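The values are calculated or read from the model by the stated rules, or taken from the named source; none is laboratory data. It should be emphasised that the depicted structure is a prediction, and the values quoted were computed from it without experimental measurement. Cβ placement follows ideal geometry from the backbone for every residue including glycine, while neighbour counts extend to all protein chains displayed. With ligands, DNA and RNA removed, areas are computed over all heavy atoms of the protein, side chains included. Shrake-Rupley method; radii C 1.70, N 1.55, O 1.52, S 1.80 Å.
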Amino acid sequence: MAWAGIILGMVGGLCAAVAGYAVAGLPWWACLLIYPAAGAVVALLATALLYWLSRAAGPDSGVTPGGQLAAA
């Protein structure tokens, strides 16, 4: 989960910085500030989402490892 959060945060921050410079016309120093801020937010959201999904498919959820519901 943490690796996915780090990678997605890095990509999300880079996309936000490039979009801020190219689309919004922000100065380069503002884009340098946007990169870690957006990256941290995306990383935390991705890690939280993956944690929530893993807890939803935990041992008490009735979902088998193949992703299909167990017969009652």
Of the candidates Ala48, Ala56, Ala70, Ala19, the one satisfying the condition of being open to solvent by less than 70 Å² (accessible area, probe 1.4 Å) and at pLDDT 95 or above is Ala19
Scanning the stretch 1-16 for residues that are part of a helix (DSSP H, G or I), open to solvent by 30 Å² or more (accessible area, probe 1.4 Å) and in contact with a helix residue (DSSP H, G or I) (Cβ under 7 Å, 6 or more places away or on another chain) gives Ala2, Ala4, Ile6, Leu8, Met10, Leu14, Ala16
